[in-house]
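The values are calculated or read from the model by the stated rules, or taken from the named source; none is laboratory data. Please read these numbers as outputs of a predicted model, since none were measured by experiment. Every residue, glycine among them, receives a Cβ derived from its backbone with ideal geometry; neighbour counts consider all protein chains shown.
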Amino acid sequence: MNVLEVDDLSGGYSATPVLRGLTFSIPEGGVVALLGPNGAGKTTTLRALTGGLKRTSGRMSFGGEDLASIRPEGAARLGIAHVPEGRGTLADLTVEENLRVGGYLLGRGTALTEKLDVCFGYFPILHERRKQKAGHLSGGEQQMLAISRALMLQPRLMLLDEPSLGLAPKITQRLFETLGVINKEQETAMLLVEQNASLALDLASRAFVLESGSVVLGGDASDIRDDEELRRAYLGY
Amino acid sequence: MKALRSHGAKLAALVLVLVLAVVPFYETPYNNNQITLIFIFAMAILGLNLLAGYTGQLSVAQSLLLGIGGYTAAILVTEIEMPHLLTIPAAGFVAMFFGWLIAMPVLRLQGFYLMVVTLALVFVLSPVVKEFPSVTGGPEGLLIDAPEGVGTLATDQYVYLVALAVGVLLFALAARLVNSAHGPAMKAVRDNEVVAEAIGIKTTRTKTGAFLFASAFAGVAGSLYVQVIGYVSPDSFGIGLGLALFAGAFIGGIGTIAGALIGATFVQVVPLLAGRTDASLTGVIYGTAVIVSIMAFPEGLAGLGATVNKRLRKRSTGTSPTVSPDPPTAPAATPTTSISSSRNETR
Amino acid sequence: MGALLQDVMSGLAAGSIYGALALALVFVFRSTGVVNFAQGEMAMISTYISLSFYNLGVPLLAAVVLSMACSFLIGITVERTLIRPVAGRTAHAASIVTVGLFLAANGIAGYVWGVEPRGFPSLFSRESVGLGGARIAVADLGALAVLVVLVFLLFLLFEKTRVGLMMRAAASQPASARMAGAPVSNLLMSGWGISAAVGAVAGALIAPAVFVSPGMMGPVFIYALAAAALGGLSSPLGAVLGGWIIGVAEAVIAPRVDFIGSQLAILIPLTIIFLVLLLRPAGLLGVQEVKRV
Ligand SMILES: Nc1ncnc2c1ncn2[C@@H]1O[C@H](COP(=O)(O)OP(=O)(O)OP(=O)(O)O)[C@@H](O)[C@H]1O
Ligand SMILES: [Mg+2]
């Protein structure tokens, strides 16, 4: 059973077409890596899935629901959480306020506090800093905050745009471990956009390589990881 | 001002000027003065157009600077009997100096601060002028003798033709400016200051330069204003006129030179028409026109043809091209020549 | 000493009114990044609405509250019909629209209610109370109290309620707020509504002193702009402090410096604006914005 199906998706920004007949899917609870060079259209793909692009042709469906006219608010309601490129930190709000914003759809009840505790469980540092302005966090902490904010939605699918960007290798390593735990414990499917292909392939079960807006290679993450020729040709390492 | 570069538009401008030049010989003195006022407002709006339309800096101080020009001319004529013609450049320079005083501290900052400061400044002229009655005539203002007519020209015809000539000069100057290397620099500042700075444009200098031009144009207009009206008084140059000129710039088409004449006609004619029912309607019409022109026609009435064309094209091809900021300009409309009652201030 | 205290008090009272209007400006600026040049004119319309209710026999306080409700509706209508359509364009476009609204609102008021000034009853008694040798007008204390309550309520709204939190989020990072499922456009709209309601309060406070006319808010709005600039356009507390500083400066300086007098008092906010821009453009409590491409 696939939680997300993207079929022959094309689209882009007003002047430039970016996605050209993109097809891929994400199994329920699975982690899928979306790889490819700069400018391939990875970020654009995530935007398309959360209604950031105006005009698209092709089909996208999420848990059976058509995403053709999806808007960002609607995506959140369906259970798609977006951890955007650049983290989208609400800099002048405190860490806890950031999380409460993320949990907007949970209302006022106990669900909110429970979810806060879940996030603090994964990232204890955020608990320590919960009264601080989020703008004062380090890059790694802001990334944890962005992931936690997404987690507050109790998403069925989490879209992660280069979570390793700008982080030290050690921090990245730990972050990816935590992502793995979150995936297992919360049963959240993940679409992971990464430049760090090797880390992403370790975490993901399937992977797609994007070039100029279409999928040029797709398969089991382990197959790609173990095939040096493929890696050289498509991922450059 | 691509349009003025093209032959067709040049020809249209020439014909327009020639037609305007013979008008005063067939019109009543009253109407001549009304049209002269349109020329005068067109100069102030043209200056604002360079400042706001090309460089992206919003200001309501054109009325203040027009007032400064007007007072300069009136004081020079009454105190040292300077010939009226000479007060025109003098008023331009004095207004430019005051413009420099305003621009210096403000233009380093984000765009809306200029609006904040100029909005406050237009409230200052009147009390300051009233405070120095020995020079300015205080609340009563200053009366000046009308310039003598020359040869067979009556005073109204003479002032009309002087204003037309000065107007043509300023329009040519503005066209030259925006067609020079400064034009693109100004637009770059308008579109994104940070980017402009990054590609080596001295943004503060460009903005200050535009403000000085706008000030000088308003000052020149102010000198001609007293020559038409025959007096200056402290309350003629307040927020009402400032907002009216601002509205005129946006209604006529911001970023298009021909728009200044259309905007000025609007500024002069609307109060006359509105005054027949209720003077308050002037503000309603100005305000609505500004809002509509910004929302529906980003290039104002002068760009109307272009905007509509673009929309039609968009609909027929089904693509959505982004609206370019530099539309081909439609030729300027001829101002109405049958004006028949006096101008009302907005407030 | 008594005279000085008296002037300081009346300065604080006037400053409270400037502060209230500045608060409305800041509210809009914080939630949408637009300087609403029509804020004063919107408050003027609100004042006419208060007066109309009052003339229908509604008790004054209730009339002002009703007018606040109407103003809220006017505010959200303005945002939805006039500001939203140009929101995607340059920041200027929205400001220009508010200038258009300034003109239109002024004209509409003149057309509907006429241009002759009308009296407006004070919300407070005309008594004064003795305090350290000075006579302090009850109305002055009242204006001060209203502003303090207003700031406190806005503080509660922003800091302690879920809606307030989401409004701050929508202003700070609309994209992130949207991704969390928040109705960002409704939140921005409410920002305009609330600020219009705050403006209605400012109008009711100033009206007894300046009378109600289409031009009543002109100079007051300049003082409010100065207060907002002084406090930092994005800081509500700054707006209030700015209002008080300007009010007190005016009340203390004007009667003591011959040259200034009442005519030239407008130079005080102007000078303050210039000084702030020269010395501390971000304002007293504002945060220096980082310019981004
Ligand atoms: N807002 C936008 N407007 C117009 N074009 C855009 C916009 N954002 C991205 N593009 C263009 O779309 C193409 C794909 O960009 P996208 O951000 O999706 O790439 P990416 O795969 O995420 O690259 P990277 O690894 O560098 O993040 C690029 O050519 C880019 O220039
Ligand atoms: Mg990207």
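Looking at A:74, A:139, A:79, which one is within 9 Å of chain C (Cβ to nearest Cβ) and either at positive phi or of a type in the set (Gly, Ala, Ser) (or both)?
A:74
Pick from A:200, A:189: which is in contact with a strand residue (DSSP E or B) (Cβ under 9 Å, 6 or more places away or on another chain) and within 16 Å of ligand 2 (Cβ to nearest atom)? If you could, list the steps in order and put the result at the bottom.
Values: A:189 fails: within 16 Å of ligand 2 (Cβ to nearest atom).
The unique qualifying residue is A:200.
Name the helices (runs of 4 or more DSSP H) wholly inside region B:99-192 in which the number of residues that are within 24 Å of the chain's Cα centre (by Cα) is 1 or more.
Correct list: B:111-121, B:125-131, B:155-179, B:182-191.
(1) part of a loop (DSSP other than H, G, I, E, B); (2) closer than 23 Å to residue A:104 by Cβ; (3) within 16 Å of ligand 1 (Cβ to nearest atom): which one isn't true of residue A:155, the others all being true?
For residue A:155, the exception is condition (3).
Considering only residues that are β-branched (Val, Ile, Thr), within 14 Å of chain A (Cβ to nearest Cβ) and without any contact (Cβ under 8 Å) to a residue 24 or more places away in the chain, which ones fall in region C:124-164?
C:161
For residue A:139, only one of the following conditions fails: (1) over 18 Å from residue A:92 (Cα atoms); (2) not assigned by TED's automatic domain parsing to the domain that holds residue A:193. What is its number?
Against the list (1) over 18 Å from residue A:92 (Cα atoms); (2) not assigned by TED's automatic domain parsing to the domain that holds residue A:193, residue A:139 comes up short only on (1).
Among the residues of region A:1-42, count how many are within 9 Å of ligand 1 (Cβ to nearest atom) and buried (at least 20 other Cβ atoms within 10 Å of the Cβ).
The total comes to 7.
Which one of A:106, A:116 is more than 16 Å from ligand 2 (Cβ to nearest atom), under 20 Å from the mean Cα position of the chain (by Cα) and not assigned by TED's automatic domain parsing to the domain that holds residue A:174?
Going through A:106, A:116 in turn, the sole match is A:116.
Given the conditions (1) over 19 Å from residue C:228 (Cα atoms); (2) in contact with a strand residue (DSSP E or B) (Cβ under 9 Å, 6 or more places away or on another chain), which single one is not true for residue C:106?
(2)
If residue A:164 passes every condition in (1) of a type in the set (Ser, Thr, Tyr); (2) surrounded by 15 or more Cβ atoms within 10 Å (Cβ to Cβ); (3) away from ligand 2 (no atom under 16 Å from the Cβ) but one, which one does it miss?
(3)
Restricting to region C:212-228, and then to whatever is in contact with a Gly (Cβ under 6 Å, 6 or more places away or on another chain) and within 15 Å of residue B:117 (Cβ to Cβ), can you tell me which residue is surrounded by the fewest Cβ atoms within 10 Å (Cβ to Cβ)?
Among those that are in contact with a Gly (Cβ under 6 Å, 6 or more places away or on another chain) and within 15 Å of residue B:117 (Cβ to Cβ), it is C:221.
Name the pairs whose Cβ atoms lie under 7 Å apart, with the first residue in region A:84-99 and among the basic types (Lys, Arg), the second away from ligand 2 (no atom under 13 Å from the Cβ), and 6 or more positions between them or separate chains?
If the second residue must be away from ligand 2 (no atom under 13 Å from the Cβ), the pairs left are A:87/A:142; A:87/A:143; A:87/A:146.
What number of residues within region C:81-122 are assigned to a loop (DSSP other than H, G, I, E, B) and surrounded by fewer than 20 Cβ atoms within 10 Å (Cβ to Cβ)?
Result for region C:81-122: 11.
Quick check on residue B:93: is it at pLDDT 90 or above, assigned to a helix (DSSP H, G or I) and of a type in the set (Phe, Trp, Tyr)?
Judged against the criteria, residue B:93 is a match.
For region C:165-198, enumerate the residues that are closer than 21 Å to residue C:240 by Cβ and either at the interface with chain A (Cβ under 10 Å from one of its Cβ atoms) or in a loop (DSSP other than H, G, I, E, B) (or both).
C:168, C:171, listed by residue number.
On the given criteria, is residue A:47 crowded, with 20+ Cβ neighbours inside 10 Å, within 14 Å of chain C (Cβ to nearest Cβ), within 30 Å of residue A:130 (Cα to Cα) and at pLDDT below 90?
No.
Looking at region A:200-226, which of the residues that are in a helix (DSSP H, G or I) and more than 18 Å from the chain's Cα centre (by Cα) is farthest from residue A:169 (Cα to Cα)?
So, considering only residues that are in a helix (DSSP H, G or I) and more than 18 Å from the chain's Cα centre (by Cα), the one farthest from residue A:169 (Cα to Cα) is A:223.
For region A:51-60, name all the residues that are away from ligand 1 (no atom under 13 Å from the Cβ) and within 14 Å of chain C (Cβ to nearest Cβ).
A:51
Would you mind finding the one in B:204, B:208 that is assigned to a helix (DSSP H, G or I), polar (S, T, N, Q) and within 14 Å of chain C (Cβ to nearest Cβ)?
B:204
Out of all the residues in region A:132-145, is one or more basic (Lys, Arg) and either surrounded by fewer than 14 Cβ atoms within 10 Å (Cβ to Cβ) or part of a helix (DSSP H, G or I) (or both)?
no
Which residue, of A:63, A:30, A:41, A:21, is away from ligand 2 (no atom under 16 Å from the Cβ), more than 10 Å from chain C (Cβ to nearest Cβ) and within 15 Å of the chain's Cα centre (by Cα)? Before you say what the answer is, go through the steps one by one.
Working: A:63 fails: within 15 Å of the chain's Cα centre (by Cα); A:41 fails: away from ligand 2 (no atom under 16 Å from the Cβ); A:21 fails: within 15 Å of the chain's Cα centre (by Cα).
Result of the check over A:63, A:30, A:41, A:21: A:30.
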